[in-house]
Amino acid sequence: MPEISTPSSSLASPALARGLRHRLRVLLSLNDPRWGRGDDNNADREDKDDPKRQSKPPQDGPPDLDELWRDFNRRLNNLFGRKEGGNGNGPTPLRPGNGRAGSGLGVGVLLAVLVGLWLASGFFIVQEGQTGVILQFGRFKYQATPGINWRLPYPIETHEIVNLSGVRTLEIGRTTQIKDTNLKDSSMLTQDENIVDVRFSVQYNIADPVEYLFYNRTDQRGDEELVTQAAETSVREIVGRNKMDAVLYEGRDAVGRNLGESIQRILSAYKTGIRILSVNVQSVQPPEQVQAAFDDVTKAGQDRERAISEGQAYANDVVPRAKGTAARLGEEAQGYKARVVARAEGDAARFASVQREYAKAPQVTRDRIYLETMQDIYANATKVLVDQNGSGNLLYLPLDKLITQSQAADAARPQQSPGASPQDSGSAQNLPTPSNPSSMSDADSRSREALRNRDRDSR
């Protein structure tokens with residue numbers, strides 16, 4: 001049967017609420033100057049009943065801790081409907097109706113406040129460049145994006161913040177020396193059984209927050225140990241596969257690239273969630289005991305490279321010029337060959353044609369040859385023959401042209417033409433030269449006289 005409210009109960013509810021608010025205000029009034037010193041009649045009665053407290057003078061200093069605790073218990077009892085007796089021996093219950101209602105409402109408000117605080121503890125903030133990993137009873141559930149997020153409060157769900165954008169740098173290759181070998185901790189063997197000291201730095205960040213949280217230690221020391229062990233293992237493996245010259249000089253860049261790939265392969269195999277960004281090889285050097293000898297070897301190698309470069313530059317300068325000269329001489333020889341062959345073929349063809357004409361008309365052919373020969377001879381002669389027994393006409397002699405022609409012929413004789421090849425000069429030197437001009441003219445006169453005699457005989 002439903003309960004029917006009466007006017008008396010409705011009037012008692014506001015009074016009960018006001019009384020509860022007053023009790024909460026009294027309980028939580030920490031700025032009360034009488035906190036811990038007693039502020040009601042019960043405290044006065046306790047002071048009168050207790051002979052020890054009557055003998056103590058009033059104090060203006062800080063309250064006593066025992067008094068604070070008793071005052072807190074008294075206020076808490078008043079809140080939940082219990083009231084101490086006049087002699088302070090124990091609480092006496094209030095009236096049944098108002099006491100139970102006040103205590104129930106107080107417990108409800110307190111529970112509501114506690115539940116609200118518990119739910120509010122699930123709010124958290126994820127900064128930019130970070131991610132939040134939500135765990136439900138220790139198992140991964142989802143990842144939270146940057147901003148204000150909420151999860152179920154502890155112990156149902158928890159969260160871990162992982163920084164994804166931060167780049168971490170780790171130096172590999174310590175300078176501490178081992179007592180037994182007197183070598184540095186970063187020293188290692190090469191393929192040809194030499195010792196080198198390798199130092200490098202590794203830059204990395206967190207790529208997979210789930211693997212980073214579940215497969216290794218989540219503190220800074222944990223991931224540093226992982227990267228250090230993977231880097232030391234990789235560098236000893238790579239240096240052990242190469243010779244010392246390759247590690248020190250020409251293969252130094254390749255060592256850095258291979259080192260980054262090897263470290264990443266090891267970390268990925270163990271699911272660490274770490275990504276290697278770059279590996280910078282800072283120094284690769286032999287031990288200090290043999291550093292001077294290696295410096296001399298390095299200097300000698302540099303001198304060798306410089307000599308090779310200078311020799312290559314000289315070869316690049318001389319060889320093209322020699323090839324050009326050889327090509328030019330070859331072209332000139334081919335031109336001389338073609339010219340001589342063409343001239344010989346032309347002379348042979350001309351002789352064959354003359355021979356055919358001579359067979360048809362010997363006398364006419366001889367006269368034509370004679371006239372052409374005389375024309376060629378007189379064209380290059382420097383003397384002019386004048387027949388005075390002829391007519392008395394005025395004879396015009398172009399002396400200026402004759403002088404110019406004579407000078408040009410004299411200048412062309414001792415000089416060789418610019419296009420002439422060495423073969424031309426050699427062949428010209430091998431040709432027989434007359435001993436003097438008089439003998440040459442005598443030979444020409446004898447040849448002409450013999451030609452005239454042959455003409456007369458034929459007639």
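What follows is calculated from the coordinates using simple rules that are stated; it is not laboratory data. Quick caveat, the model's predicted, so the values are computed rather than measured. All Cβ positions, even for glycine, are placed from backbone atoms using ideal geometry, and neighbour counts span all protein chains on display.
Around E310, under 12 Å between beta carbons, what's the net of Lys plus Arg minus Asp minus Glu among the other residues?
Neighbour charge sum, excluding E310 itself: -1.
For labels at R356 and D317 in the simple 7 Å Cα→Cβ model, what's the distance in nm?
Label at R356, label at D317, 6.2 nm between them.
Which three numbers, in whole Å and largest first, are the semi-axes of the equivalent ellipsoid of the stretch 123-163 derived from its Cα gyration tensor as √(5λ)? The partial results should precede the final answer.
Values: eigenvalues 58, 22, 9 Å².
Equivalent-ellipsoid dimensions as semi-axes: 17, 10, 7 Å.
Under unit Cβ charges (Lys, Arg +1; Asp, Glu -1), what dipole magnitude, rounded to 20 debye, does the stretch 168-286 have relative to its Cα centre? Before the final figure, lay out each step's value.
Details: 15 positive and 18 negative charges, 27 e Å.
Charge dipole, the stretch 168-286, about its Cα centre: 120 debye, nearest 20.
With a ≥ b ≥ c taken as the square roots of the eigenvalues of the C-alpha gyration tensor of the stretch 168-286, please select rounded if a/c is under 1.5 and otherwise prolate if a/b is larger than b/c or oblate if it is not?
On the way: a/c = 2.39, a/b = 1.71, b/c = 1.40.
Judged from the Cα gyration tensor, the stretch 168-286 comes out prolate (a/c at least 1.5, a/b above b/c).
Taking the Cα of D376, stepping 7 Å toward and past its beta carbon, and measuring to each backbone N in the stretch 339-360: which are under 15 Å?
Residues passing the 15 Å test: 343-355.
Using packing as a proxy for protection, rank 114-121, 249-256 so that the peptide with the highest average count of other Cβ atoms within 10 Å comes first.
The packing order, highest mean first, is 249-256, 114-121.
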